[in-house]
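Peer 1: Okay, handing you the structure first.
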Amino acid sequence: MLNSHSLELHCQNTVPYITFPLFTQCGVVRHAFTTRRGGVSKGIYASMNMSLTGGDDPETVQKNYRLICEAVGIDPSHLVLSHQTHTDHLKIVTEDDIGKGIFKERDYHDVDGLITNRPGVALVTQFADCTPLLFCDPVHRVIATSHAGWRGTVQEIGPKTVKAMKEHFGCRPEDILCAIGPSIGPCCYEVDDPVYQPFSQISYVDLSAIFTPTDKGHYQLNLWETNRQMLISAGIRPDHIDVTDLCTCCHSDWFHSHRATGGKRGTLAALIELKE
């Protein structure tokens, strides 16, 4: 059984999914982070695969989206999918975008974060070890989700998402709730000097708290703590951040993990929608 001290595991209609306590308590969103269980995909994608571009049958993946949406209470026709290429690019989403990336062609590219203030528009980003970041301003009723692998993290996609929420919708960082979701943990994420060096250029990050040296030129990287520090630096209150304690690589029986499978895997998804 999957156990967490900081996140909540649910199972609805045989579909397991994870939620974040701060987001549940605020009462203005529907949200979920998927596991690899409860879907209809086969083989290396088994079973809840959320990627339409990884080689799985598209109709099967669309069925998976319908299953998770039914479990969470989201209309699947209202989903909007990012186009992730490890950038810091963000897109403001409206009703004109619903269905794109899942049931319609996208007319945007290189988008790793989505933001909206429109109720009934469900944002989706995808993961398989990279760090999911979710955002909710319950005061101004604005939501976002961003994809923070090490490249997105070092490009500060988390703080840039907060900045965009502030600039486009008047959000105050102290009102924003954030979640750092299941991803590869410091237990399993060994990196080398070419990854260390870009982080060392970020003056406000405590390198001693995010990198643990192993042997010459290698480190264990803690992306959870890195993103937490970055969000706090952007003005988010520490008690407004839910931080995962679930490593996707350690729990590859529950999560799709790129590192655990050598790339032979499906994909997880974070979904968030403002209630009407």
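The values are calculated or read from the model by the stated rules, or taken from the named source; none is laboratory data. Computed from a prediction, not measured in an experiment: that's the story for all the values here. Positions of Cβ are generated from backbone atoms using ideal geometry, with glycine treated the same way; all protein chains shown enter the neighbour counts. To get the accessible areas, we keep the full protein, side chains included, count just its heavy atoms, and leave off ligands, DNA and RNA. Shrake-Rupley method; radii C 1.70, N 1.55, O 1.52, S 1.80 Å.
Peer 1: Around Lys42, what is the net charge, scoring Lys/Arg as +1 and Asp/Glu as -1 over all other residues with Cβ under 9 Å from its Cβ?
Peer 2: So the environment of Lys42 carries a net charge of -2.
Peer 1: Something else now. Compute the distance from the alpha-carbon center of the range 63-114 to that of the range 197-276, in whole Å.
Peer 2: 22 Å
Peer 1: Write down the percent of antiparallel bridges among all DSSP beta bridges whose residues are both part of the range 32-175, to the nearest 5.
Peer 2: Of the beta bridges lying entirely in the range 32-175, close to 65 percent run antiparallel.
Peer 1: Based only on Cα atoms, what mean projected area does the convex hull of the range 161-226 have, in nm²?
Peer 2: The Cα convex hull of the range 161-226, projected and averaged over all directions, gives 5.6 nm².
Peer 1: Between Gln25, Gln126, Gln62, where does the largest GNM mean-square fluctuation fall for the chain, given springs only between Cα atoms within less than 10 Å?
Peer 2: Result for the chain, Cα springs under 10 Å: Gln25 fluctuates most.
Peer 1: Shifting gears a bit: Quick check: pseudo-label points 7 Å beyond the Cα along Cα→Cβ at Lys216 and Thr85, how many nm apart are they?
Peer 2: Computed distance between label sites Lys216 and Thr85 equals 3.8 nm.
Peer 1: Can you tell me the Rg and Dmax of the range 178-276, counting just the alpha carbons, in angstroms?
Peer 2: For the range 178-276, the Cα-based Rg and Dmax read 15.1, 54 Å.
Peer 1: Okay, next question. Using 25 Å as the Cα-Cα cut-off, could you pick out the over-long pairs in Lys91/Lys166; Lys63/Lys100; Lys63/Lys166; Lys63/Lys160; Lys160/Lys264?
Peer 2: Long pairs (Cα-Cα over 25 Å): Lys63/Lys166; Lys63/Lys160; Lys160/Lys264.
Peer 1: Send over the per residue convex hull volume for the chain, Cα only, as a whole number of Å³.
Peer 2: 119 Å³
Peer 1: Additional query: At 222 nm, what value in deg cm²/dmol follows for the chain if DSSP H runs of at least 4 each add -39500 (n - 2.57) and the sum is divided by all its residues, to the nearest 500?
Peer 2: -6500 deg cm²/dmol
Peer 1: Kindly write out, for the range 6-14 in residue order, the coupling ³J(HN,Hα) from the Karplus curve 6.51 cos²θ - 1.76 cosθ + 1.60 (θ = phi - 60°), rounded to whole Hz, with x marking Gly and Pro.
Peer 2: Per residue, the Karplus-derived 3J(HN,Hα) values read 10, 10, 10, 9, 10, 9, 10, 6, 6 Hz.
Peer 1: List every residue whose amide H lies under 5 Å from the amide H of Asp242, counting only residues 5 or more places away in sequence or on a different chain, with H placed 1.01 Å from N in the peptide plane.
Peer 2: Long-range HN contacts for Asp242: Cys178, Ala179, Ile180.
Peer 1: While we're looking at this one, here's another question. Where does each of 171-181, 65-75, 202-212 land if you order them by average Cβ count within 10 Å, highest first?
Peer 2: Those peptides, ordered most packed to least, come out 171-181, 65-75, 202-212.
Peer 1: Which of Gly27, Thr267, Phe103 sits farthest toward the positive end of the charge dipole of the chain, with +1 on the Cβ of Lys and Arg and -1 on the Cβ of Asp and Glu?
Peer 2: It is Phe103.
Peer 1: When the chain is modelled as a GNM with alpha-carbon springs shorter than 10 Å, which of Asp112, Asp242, Asp57 fluctuates the most?
Peer 2: Result for the chain, Cα springs under 10 Å: Asp57 fluctuates most.
Peer 1: Right, something else. For the range 111-118, in order, what is each residue's ³J(HN,Hα) by Karplus, 6.51 cos²θ - 1.76 cosθ + 1.60 with θ = phi - 60°, in whole Hz (x at glycine and Pro)?
Peer 2: Each residue's phi maps through the Karplus curve to give 10, 10, x, 10, 9, 8, 10, 9 Hz.
Peer 1: With the full set of protein chains in place, find how many percent of the accessible area of the range 1-106 is carbon and sulfur; take the probe as 1.4 Å.
Peer 2: 47 percent
Peer 1: Rounded if a/c is under 1.5, else prolate if a/b is larger than b/c, else oblate: which is the range 1-125, with a ≥ b ≥ c the root eigenvalues of its Cα gyration tensor?
Peer 2: Taking the square roots of the gyration eigenvalues as a ≥ b ≥ c, the range 1-125 is oblate.
Peer 1: Testing the spin-label approximation: label points 7 Å from Cα along Cα→Cβ at Phe103 and Asn3. State their distance in nm.
Peer 2: Simple spin-label model gives 4.1 nm for this pair.
Peer 1: Okay, next question. Among Ile98, Ile115, Ile184, which one shows the biggest mean-square fluctuation in a GNM of the chain, springs joining Cα atoms closer than 10 Å?
Peer 2: Highest fluctuation of the listed residues: Ile98.
Peer 1: Counting alpha carbon pairs within less than 8 Å and at least 6 residues apart, what relative contact order, in whole percent, applies to the chain?
Peer 2: 24 percent
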